[in-house]
Amino acid sequence: MTTVPAPRKLRLGVNIDHVATVRNARGGDHPDPVRAAQQVAAVGADGITAHLREDRRHIRDDDLRRIAEATDLPLNLEMAATAEMLDIALAHRPHAVCLVPERREERTTEGGLDAAGQHNLLYPFVDRLLAAGIRVSLFIAPCERQLDAAIRLRAPVVEFHTGEYAHASPEQRAAELRRLADMAALATKNGIEPHAGHGLTYDNVQPVAAIPQLAELNIGHFLVGEAIFVGLEQAVLKMRRLMDAAR
Ligand code: PXP
């Protein structure tokens, strides 16, 4: 068993999907998610995250190419485990792929991947992506059953879904946070690098950022919403400051 050392700096991956959502509302090319990627790169984001959905409701295929051409930041491509997405990932070769569950009717990624129940489906995806030199993560609930499954799938990274924490009642929040902290510790003990994301805001990010084993947070919807009021750069800078202060 190899223990992953706890990272000192917590990376921030900015999910720019919702810049594309606003663009797509009118079918044109403004606001351009590539410009968003360049702006967040300029203020110290550590990566760009984008979810290429089957219905292309936000990021589209050519955005991936344009983002890669326009910034040096590593791209974390979120995608469902489908043959179409695998082909795209293998052709595009992003720095990382995060396998996520996807249902057409959902508003957002509402829960984690059932890595435990879908071992046989997921195994070839993890295997092919790793063989292509792409870092693979699995977006899972912070629970032992799913983490065990990620270990069996030989995923080097897991991203814990923080939705339950973000939406917990004040009474439940401490328990959800403990669950995240326990699972982050267990992941590193098993040689897996833990990340976290979903529903994180200025108000709830710090207790998560304080979990020492976490290496990366991926944050999107709140930052893009906040950008309407203060601009994307200021929103990212403030999130970065809060994360750093919690570390
Ligand atoms: N990480 C993953 C794997 C996601 O699918 C998403 C979007 O649902 C996020 C992080 C970012 O979540 P949010 O937009 O709520 O910040």
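The values are calculated or read from the model by the stated rules, or taken from the named source; none is laboratory data. Model, not experiment: these values are computed from the prediction. No Cβ is skipped: glycine too gets one built from the backbone with ideal geometry, and neighbour counts run over all protein chains shown. These area figures cover heavy atoms from the full protein model, side chains too; ligands, DNA and RNA do not enter into them. Shrake-Rupley method; radii C 1.70, N 1.55, O 1.52, S 1.80 Å.
Quick look at the values:
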quantity	calculated
Filtered residue count, the range 181-234, keeping only those that are within 13 Å of the ligand (Cβ to nearest atom), open to solvent by 20 Å² or more (accessible area, probe 1.4 Å) and in a helix (DSSP H, G or I)	6
Residue within the range 50-68 that is loosely packed, with under 14 Cβ neighbours inside 10 Å and closer than 22 Å to residue 234 by Cβ present	no
Scan of the range 14-47 for residues that are within 12 Å of the ligand (Cβ to nearest atom), touching a Gly at 6+ places or on another chain (Cβ under 9 Å) and polar (S, T, N, Q), ordered by number	15
The range 144-180: number of residues that are within 16 Å of the ligand (Cβ to nearest atom), free of Cβ contacts under 8 Å to residues at least 24 places away in the same chain and under 19 Å from residue 10 (Cα atoms)	0
Residue 84, sole failed condition from (1) within 16 Å of the ligand (Cβ to nearest atom); (2) open to solvent by 30 Å² or more (accessible area, probe 1.4 Å)	(1)
Long-range neighbours under 9 Å by Cβ, at least six apart or interchain, first residue free of Cβ contacts under 8 Å to residues at least 24 places away in the same chain within the range 215-228, second near the ligand (Cβ under 6 Å from one of its atoms) and of a type outside the set (Lys, Arg)	222/199; 222/200
Residue within the range 48-58 that is among the β-branched types (Val, Ile, Thr), away from the ligand (no atom under 14 Å from the Cβ), touching a residue at least 40 places away in the same chain (Cβ under 8 Å) and in contact with an Asp or Glu (Cβ under 8 Å, 6 or more places away or on another chain) present	no
